[in-house]
Structures are given as structure tokens and as C-alpha cells.
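All remarks here apply to the structure that follows.
The values are calculated or read from the model by the stated rules, or taken from the named source; none is laboratory data. Keep in mind the model is a prediction, meaning the values are calculated, not measured. Ideal geometry is used to build each Cβ from the backbone, glycine not excepted, and the neighbour counts take in all protein chains shown.
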Amino acid sequence: MEANPAAGGAAPDRPEIQISVALIGDGEDIAQARHLAAGFLARAQAEHGLPVSQRAKDLTQLVVSELVTNARKYAPGPALLDLRITGATVEVVVWDTDPVLPVARAADAGRVGQHGLEIVMAVAQGFEVQREPVGKRITARIALADDPGGAICGRRPL
């Protein structure tokens, strides 16, 4: 895993906060990606004064773990992880080499495993999948601050 921190100017008063990492499939990618996400949010909070709730930290690590696990499991070759602060959310972006778009399976309490995408979609404030010229890119957005209405995922309950 190689880190490539980048900072640019998204807006004159708020710098873009971002880190990109190449995942090389060495068996430690998933744990390292989770630790990277925790450190990234801690730095965003400490160095930029952004409000980052414990819920946001926990959910970001969960989403990173699920998306990186899927990339390692289903896509041959390297993967990329981008974390960036966009407004009041953290974006978790994972690119992998497999062009097949993931599909959440129907709920089945008896099914063991294969719930990762369902979990990500349930906790993310936003979720999208894009086919790329090579592979695909999955983006999940998680609110940095707790929802004042008490919704766990930052969305209003249905």
C-alpha cells in the first residue's frame, strides 16, 4: 500500500482534503485501509477543525473495509482507495479492475456472508457506481457530523 496525500484548492476558504492509496493485494490491504481512514479523519478534525463524529469515524472504517474487501475478493490486480472531504461528507472511493457492476442482493436473514454492499448502502448518505474505461469506481458518502434528527446514516428515516 502506498499513500499519496494531495491537497489542492476546492474553494479559496476551504482546501481540498484528500488522500489516495494504491492497494497492491498483499493481504494486509484491508486493515491498512481502515487505519488510513481513521488517521485521515483524525487529521481532518485536528488540522482543519472539521466536525467529525465518532459515528462518522466508525462508519467510514466499516465502508472502507467492505469496499476494499470486495475489490480484493472480486477484482484481479491492483485497486485504488481515495478518501476526500467534500462539504460536510467524507467520500470513500474505491476503483478496481473488474468491470462488472455490483448488485445488492435481496435481504435474506439465512444467508451467511455477502452482505457488504447492503451494509454500505444502508449506512452511506450517498452511493454510486460508475463503469470506467478499465474496471469500475464505487463512491460512498458519509456525513461527518451526527444527524441532529438522530438518524444513524445521516438520512431521514423513511
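Would you say Arg137 is surrounded by fewer than 19 Cβ atoms within 10 Å (Cβ to Cβ), in a strand (DSSP E or B) and in contact (Cβ under 8 Å) with a residue 40 or more places away in the chain? Working first, answer last.
Values: surrounded by fewer than 19 Cβ atoms within 10 Å (Cβ to Cβ): yes; in a strand (DSSP E or B): yes; in contact (Cβ under 8 Å) with a residue 40 or more places away in the chain: yes.
Yes; evaluated as a whole, the condition is true for this residue.
Residues checked against (1) acidic (Asp, Glu); (2) at positive phi; (3) modelled with pLDDT of 95 or more:
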site	(1), (2), (3)
Pro102	no, no, no
Asp108	yes, no, no
Lys136	no, no, yes
Ala145	no, no, no
Gly154	no, yes, no
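Can you confirm whether Glu91 is without any contact (Cβ under 8 Å) to a residue 60 or more places away in the chain, within 10 Å of the chain's Cα centre (by Cα), crowded, with 17+ Cβ neighbours inside 10 Å and part of a strand (DSSP E or B)? Let's see the steps before the verdict.
Numbers: without any contact (Cβ under 8 Å) to a residue 60 or more places away in the chain: yes; within 10 Å of the chain's Cα centre (by Cα): yes; crowded, with 17+ Cβ neighbours inside 10 Å: yes; part of a strand (DSSP E or B): yes.
In short, yes.
From the residues in the range 63-83 that are under 9 Å from the mean Cα position of the chain (by Cα) and crowded, with 20+ Cβ neighbours inside 10 Å, which one is nearest to Val134 (Cα to Cα)?
Quick first cut of the range 63-83, residues under 9 Å from the mean Cα position of the chain (by Cα) only: 63-68, 81-83.
Okay, now just the ones that are also crowded, with 20+ Cβ neighbours inside 10 Å, so 63-64, 66-68, 81, 83.
Details: Val63: 23, Val64: 21, Glu66: 21, Leu67: 18, Val68: 17, Leu81: 15, Leu83: 20 Å.
Only one residue fits best here, namely Leu81.
Name the single residue that is surrounded by the fewest Cβ atoms within 10 Å (Cβ to Cβ) among those in the range 18-38 being at pLDDT 90 or above and not in a helix (DSSP H, G or I).
Looking at the filtered set, the residue picked out is Ala22.
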